[in-house]
Amino acid sequence: MTDTAGTALAHVPHAAAIGMTLISAEAGVAVCAVPYDAKLVGNPDTGVIHGGVVTTLLDNACGVAIGSKLRAMGIIATLDLRIDYLRPGEPGKALYARAECFKVTRSVAFVRGIAYEDDVDDPVATCAAAFMITKPKALMP
């Protein structure tokens, strides 16, 4: 699942609507991106992307990280998603999210994520999440 650079997440309607792409996914780690777009701005006076876009980006990156860890896609449902917003995003810059699935049980996967612009060490937000997983439908290549 490594040849994913720039892949649109068209199968997820909300992700597709905001222009989210999959940059990479491998061994429980996924990176997704959302380009800066004026229609995603939460406050026209500041030009900062809405916090809901950050949430969507992190949630989707977490789901992809789980799929890459399991090497299969079943039903993945968000049980708990805690997001800490650390600073506003910079107007005009794309947002990225890196998520890592660090533990999988029979029915729950646990993931940590970081949303950032240019530097993963200067995050816009972080998350800790738990997802319900069901038996995968098909093994990924």
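The values are calculated or read from the model by the stated rules, or taken from the named source; none is laboratory data. Predicted model only: the values in this text are computed from it and were never measured. In this analysis, Cβ positions are derived from the backbone assuming ideal geometry, glycine residues included, and neighbour counts consider all displayed protein chains.
A few points about this structure:
- Residue in the stretch 59-69 that is surrounded by 15 or more Cβ atoms within 10 Å (Cβ to Cβ) and among the basic types (Lys, Arg) present: yes
- Lone qualifier among 119, 59 - being closer than 21 Å to residue 37 by Cβ, out of contact with any helix residue (DSSP H, G or I) (no Cβ under 8 Å at 6 or more places or on another chain) and of a type outside the set (Gly, Ala, Ser): 59
- Meets criteria (assigned to a loop (DSSP other than H, G, I, E, B) and modelled with pLDDT under 95) for residue 141: yes
- Residue-level check: of (1) surrounded by fewer than 22 Cβ atoms within 10 Å (Cβ to Cβ); (2) closer than 18 Å to residue 35 by Cα, residue 85 misses just (2).
- Residue in the stretch 29-50 that is hydroxyl-bearing (Ser, Thr, Tyr) and in contact with a Ser or Thr (Cβ under 9 Å, 6 or more places away or on another chain) present: no
- All positions within the stretch 74-121 that are in contact (Cβ under 8 Å) with a residue 12 or more places away in the chain, among the acidic types (Asp, Glu) and either assigned to a loop (DSSP other than H, G, I, E, B) or more than 14 Å from residue 61 (Cβ to Cβ) (or both): 80, 84, 90, 117, 118
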